[in-house]
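Before any comments, here is the structure.
What follows is calculated from the coordinates using simple rules that are stated; it is not laboratory data. The shown structure was predicted, so the numbers you read here are calculated from the model rather than taken from an experiment. All Cβ positions, even for glycine, are placed from backbone atoms using ideal geometry, and neighbour counts span all protein chains on display.
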Amino acid sequence: MTVSPAKSVDTSQIRPEIQQLQSQLVQWRRGFHQRPELAFQEKLTSHFVINKLEEWGIPHQTGIAQTGVAAVIEGGKPGKVLGIRADMDALPIEEENQVPYRSQHEGIMHACGHDGHTAIALGTAYYLWQHRQDIAGTIKIIFQPAEESPGGAKPMIEEGVLKNPDVEAIIGLHLWNNLPLGTIGVKEGPLMAAVELFKCQIQGRGGHGAMPHQTTDAVVVSSQIVNALQTIVSRNVDPTNSAVVTVGELKAGSAMNVIADSAYLSGTVRYFDASLENYIGQRVEDIIAGICQSYGASYDLNYWRIYPPVINDNRVADLVRSVANTIVETPKGVVPECETMGGEDMAFFLEQVPGCYFFLGSANPKLGLNYPHHHPRFDFDETALGMGVEMFVRCVEQLPSLKV
Ligand SMILES: [Zn+2]
Ligand SMILES: [Zn+2]
């Protein structure tokens with residue numbers, strides 16, 4: 001779908017105190033951007049967060065799933081325990097942006113916006129701490145490593161990040177260049193897809209390019225497999241139920257006149273509906289097995305699940321939506337149709353406690369800030385940083401109305 005951008009982005013709903021924090025948010029974000037770190041290596045990022053929490057005197061726990069941090073802000077009034085989650089990791093991409101805050105780590109880049117997420121969470125922690133006497137409830141701000149893979153949410157949960165105090169609801173945001181600045185994507189139910197991956201080695205028998213009858217051609221076998229895998233979505237899955245099967249790699253052969261001995265393919269599977277959890281993987285294996293058998297080839301398949309789907313709770317999504325409606329221009333500012341087949345390990349938190357993950361529009365085509373996520377020129381409009389803090393703070397202020 002296309003979303004028409006807001007005519008001009010109105011930031012008047014951001015309270016003056018958070019507007020004053022804006023230059024600080026930008027500075028933090030650019031600092032993280034200059035020093036991006038890969039999964040479970042977020043040491044500089046994590047140290048920066050810890051130093052700030054210490055400077056402000058906010059109680060926190062460190063070393064959760066290696067580099068993860070959780071800050072706990074107990075409000076002056078009783079209430080629920082709300083988790084706010086931010087991811088901190090970067091990607092193995094060489095940055096192509098020529099900006100003063102360009103990545104200084106060769107081959108690593110914040111190309112998904114997690115630098116912004118960390119800055120927003122830090123700003124939120126700062127604001128909430130200053131106003132803790134007015135908060136009804138306890139807020140646990142979770143700085144998570146390794147979202148891009150292999151996933152930091154699950155090990156953080158296993159190490160007890162949702163316990164003591166026990167988190168009763170959780171929210172999180174993704175800066176989103178698929179939506180223009182000034183819009184917020186909020187949806188109940190499935191938001192992001194389950195992610196499964198596979199790798200498959202096909203073993204045939206190589207030989208002379210002119211004597212195919214003496215061989216089992218791994219190029220032909222793997223080509224048949226790639227085509228047949230497309231029929232899982234087109235012929236097996238209910239057409240009203242979204243799914244994706246993508247073969248991302250196909251490697252075989254070494255010369256024009258040689259029949260390939262073996263082939264390698266890998267890919268990813270995406271879906272929202274839990275009923276497809278074992279179904280698609282089984283179809284992938286059946287198709288590979290059947291084709292290999294019919295051609296006399298053998299195969300070695302590795303198929304594994306990485307993230308479950310991101311499923312938002314209706315009650316928490318209602319709260320987030322009502323808050324979003326107070327921040328962006330209604331009715332067009334809050335975008336309900338924002339689901340994507342991308343994956344997110346926020347899913348693991350949402351499996352444990354009711355919550356809502358939402359998208360904060362961050363694209364600004366006029367400034368060239370609309371490259372897609374994971375692109376070497378990805379960047380976003382930093383105006384969204386203050387909006388993110390305002391969103392989280394208002395959600396905290398509305399916590400007493402949440403019935404979970
Ligand atoms: Zn990403
Ligand atoms: Zn991301």
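Brief remarks on what is shown
- Order of 140, 403 - criterion: other Cβ atoms within 10 Å of each residue's Cβ, fewest first: 403, 140
- GNM result for the chain, Cα springs below 10 Å: residue of 316, 237, 81 fluctuating most strongly: 237
- Cα lying deepest toward the dipole's positive end in the chain, options 201, 347, 295, charges on Cβ: 347
- In this structure, the amide hydrogen of residue 377, modeled 1.01 Å from its nitrogen in the peptide plane, lies closer than 5 angstrom to those of 96, counting only residues at least 5 positions away or on a different chain.
- In the chain, the calculated helix contribution to ellipticity at 222 nm averages -10000 deg cm²/dmol per residue, counting -39,500 (n - 2.57) for every DSSP H run with n ≥ 4.
- Reachable aspartates and glutamates from residue 80, criterion Cα separation under 15 angstrom, eight or more residues apart if same chain: 134, 166, 168, 397
- Highest-fluctuation residue, 288, 141, 73 considered, GNM on the chain with Cα pairs under 10 Å: 288
- Computed on the chain, with alpha-carbon pairs under 8 angstrom and 6+ residues apart, the relative contact order is 24 percent.
- Springs join every pair of Cα atoms under 10 Å in this Gaussian network model of the chain, and among 314, 177, 227 the largest mean-square fluctuation is at 227.
- For 238, 87, 10, the sequence from fewest to most other C-beta atoms within 10 Å is 238, 10, 87.
- Mean separation of Cα contacts under 8 Å, 6 or more apart, over the residue count of the stretch 194-307: relative contact order %: 44 percent
- Amide H contacts for residue 207 (H built 1.01 Å from N in the peptide plane; partners 5 or more residues away or on another chain; cut-off under 5 Å): 259.
- Extreme residue, positive dipole direction of the stretch 1-112, given options 18, 86, 103 (C-beta unit charges): 18
- Close amide H contacts of residue 312 (hydrogens built in the peptide plane, cut-off under 5 Å, sequence separation of 5 or more or a different chain): 189, 191.
- Lys, Arg +1 and Asp, Glu -1 on Cβ, resulting dipole of the stretch 194-307 about Cα centre, debye, nearest 20: 160 debye
- Cross-linked pairs 140/332; 77/163; 43/154; 154/403; 187/366; 52/187: Cα-Cα separations exceed 23 Å for 140/332; 154/403; 187/366; 52/187.
- Residue separation of residue 279 and residue 298 scaled by 0.36 nm, minus their Cα-Cα distance, works out to 4.6 nm of gained length.
- Order of 138, 67, 246 under a 10 Å beta carbon neighbour criterion, fewest first: 246, 138, 67
- Where a label projected 7 Å from the Cα of residue 351 along Cα→Cβ would reach, residues of the stretch 48-80 with amide N under 18 Å: 65
- Distance between the stretch 53-131 and the stretch 282-322 - C-alpha centres, whole angstrom: 30 Å
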